[in-house]
Structures are given as C-alpha cells and as structure tokens.
Amino acid sequence: METASGAGAKLGAALFAALLIVAVGAFAVTRAVRSEDDLVNTVELSKRLVPGDSARVAFDLAEADGAVDVLIIDGSPGSDDEQIRALALGEDLPAGAQSFRWDGTGDDGDPVPPGLYAIEVILGDQDRDILPPGRIRVVEGG
C-alpha cells in the first residue's frame, strides 16, 4: 500500500513534468509568432541628427514587397506615432539591405522640432506595419 507522502510526491513530480511541457510548448509558440515579425531585421538608425546633416535609416527586408512605405514618425514616449515624413511610399523593394537618408524635415519641407523620431515600415503586400526599435534624436544647432 502506498503512503500519502509517496502519492503526494508522485503527484508533485507529474505536475512539475506537465508544467515543464507547457512552458516548453509556450516558448516554441512564442518563438514561432515572433519569427513572423522578423520581416524587418538589422535596423540601423543614426542616433543623432543636427540641422544641415542627414540621418541614416537602414534595415534588411527578409522578403521582397511591392508596396513598401518607410515613414519617419513621432517617436516621443506616449506619442500617437504621427507621420512626420515619408521616405518611401508604395516602393517595390527586393529582399535584402535597404538604406534611406532623412534630412530632418517633415513632409511640408520645414525642419522638424528637436525631439525623438522613429521609423515605421509598412509592408503593403503582406499587410504588416512594423515599428522597429530605436530612435533618432533631432537636436538644435551643431
């Protein structure tokens, strides 16, 4: 006859094994979902932009897309991601390295105020909007 402590130990071991299986499964699902966001990789942004200069915006596209928008957006904490400048609209871009320059002006041609700016990449064929990490800090003067 099995003792209560022996049964409890077996139940604990079974529960631990079940939790371990669930954790490994959750990790695999999370990784699979996350890999779908790996359409825009190796993002490089100039850290600082002074008037009269330009910032580099570069990234790798995992797959070609025939309708890509590359936008500079308001990157301040709590912002509404408002579009500041379109670097590309509806571009047919191949898979691989992409590079753009931003001169610190908005769509209206006026210099933007000092602050933080980010990029948004919209892959039209894939119906995906991607907000890669990183910010460009626009500063006053040189």
Confirm whether V24 is modelled with pLDDT under 80 and closer than 30 Å to I136 by Cα.
-> no
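Yes/no per residue for (1) assigned to a loop (DSSP other than H, G, I, E, B); (2) exposed (fewer than 14 other Cβ atoms within 10 Å of the Cβ):
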| residue | (1), (2) |
| --- | --- |
| A97 | no, yes |
| F100 | no, no |
| G109 | yes, yes |
| Y117 | no, no |
| I122 | no, no |
| D125 | yes, yes |
| D129 | no, yes |
| P133 | yes, yes |
Could you grab me the full set of residues in the stretch 122-142 that are among the β-branched types (V, I, T) and under 19 Å from K47 (Cβ atoms)?
-> I136, V138, V139
When every residue in the stretch 102-120 that is in contact with a Leu (Cβ under 8 Å, 6 or more places away or on another chain) and not aromatic (F, W, Y) is compared, the one nearest to G52 (Cα to Cα) is G104
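The values are calculated or read from the model by the stated rules, or taken from the named source; none is laboratory data. No experiment lies behind these values; they were computed from the predicted model shown. Ideal geometry is used to build each Cβ from the backbone, glycine not excepted, and the neighbour counts take in all protein chains shown.
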